[in-house]
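Notes follow once the structure below has been shown.
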Amino acid sequence: QVQLVESGGGLVQARGSLRLSCAASGRTLANYGIGWFRQAPGKEREFVAWSGISTVYSDSVKGRFTISRDAAKNTVYLQMNSLIPEDTAVYYCAARMGLSTIATITRNTAYNYWGQGTQVTVSS
């Protein structure tokens with residue numbers, strides 16, 4: 001069992017930056033692929049970024065967001081730069097094991113464990 005806790009959300013002006021953290025307990029994240037998703041009001045949860053053997057980003061955040069890991073802290077980060085109002089959402093991290101293809105990692109139903117989410121609000 002893996003417990004995930006997100007933090008680092010908040011209110012930021014457009015073109016600003018935030019760094020989200022996803023801290024894990026119970027198991028080492030080295031054994032899991034980690035995805036970041038987000039959900040805006042009235043919209044479906046959407047894939048943002050993935051960290052496994054490689055990193056993958058959605059087109060909407062590529063070049064602006066960076067996913068990284070700190071094994072010593074058992075934590076995954078999402079550095080978000082050049083934020084725009086369309087990035088406003090609740091951000092979730094999630095963990096999965098097993099074979100991971102592009103089709104798999106972008107599907108929220110493919111993940112076994114989820115955090116509670118952290119709100120990110122970008123003002124114009």
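The values are calculated or read from the model by the stated rules, or taken from the named source; none is laboratory data. In this text, all values refer to a predicted model and were calculated from it rather than measured experimentally. Methodologically, a virtual Cβ is constructed for each residue, glycine included, from the backbone with ideal geometry; neighbour enumeration extends over all protein chains shown. Each accessible area value is taken on the protein alone, full model and side chains, heavy atoms only, with ligands, DNA and RNA left out. Shrake-Rupley method; radii C 1.70, N 1.55, O 1.52, S 1.80 Å.
Structure data summary
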item: Solvent exposure, largest accessible area first (probe 1.4 Å, DNA, RNA and ligands not counted), of I102, I53, I34; result: I53, I102, I34
item: Where GluC sites (Glu not before Pro) fall in DSSP loop in the stretch 27-87, at most 14 other Cβ within 10 Å; result: E44
item: In Hz, Karplus ³J(HN,Hα) per residue of the stretch 79-85 (6.51, -1.76, 1.60; θ = phi - 60°; x = Gly, Pro); result: 7, 10, 10, 6, 5, 10, x
item: Amide hydrogen neighbours beyond the local backbone of Y113, cut-off 5 Å, H modeled; result: A95
item: Percent RCO, i.e. relative contact order, over the chain, from Cα pairs under 8 Å lying at least 6 residues apart; result: 36 percent
item: Percent carbon-and-sulfur accessible area, the chain, ignoring ligands, DNA and RNA, probe 1.4 Å; result: 50 percent
item: Nitroxide proxy distance, nm - points 7 Å out along Cα→Cβ at Q1 and E44; result: 3.1 nm
item: Where the chain is the region considered: accessible area per residue in Å², 1.4 Å probe; result: 52 Å²
item: Amide proton proximity set for V120, modelled H, under 5 Å, gap of 5+; result: G10, A89, V90, Y91
item: Separation of the N108 and A14 label points, Cα + 7 Å toward Cβ, nm; result: 2.6 nm
item: Centroid-to-centroid separation of the stretch 77-124 and the stretch 41-76 [C-alpha atoms, Å]; result: 6 Å
item: Derived scalar couplings ³J(HN,Hα) [the stretch 108-117; Karplus, 6.51 cos²θ - 1.76 cosθ + 1.60; whole Hz; x for Gly, Pro]; result: 5, 6, 8, 9, 8, 9, 9, x, 8, x
item: Amide H contacts of R27 (H built 1.01 Å from N, under 5 Å, at least 5 apart or other chain); result: Q3
item: Estimated dipole of the stretch 10-124 in Debye, rounded to 20 [Cβ of Lys and Arg +1, of Asp and Glu -1, Cα centre]; result: 180 debye
item: Net charge of Cβ neighbours under 14 Å - reference L4; Lys, Arg +1; Asp, Glu -1; result: +3
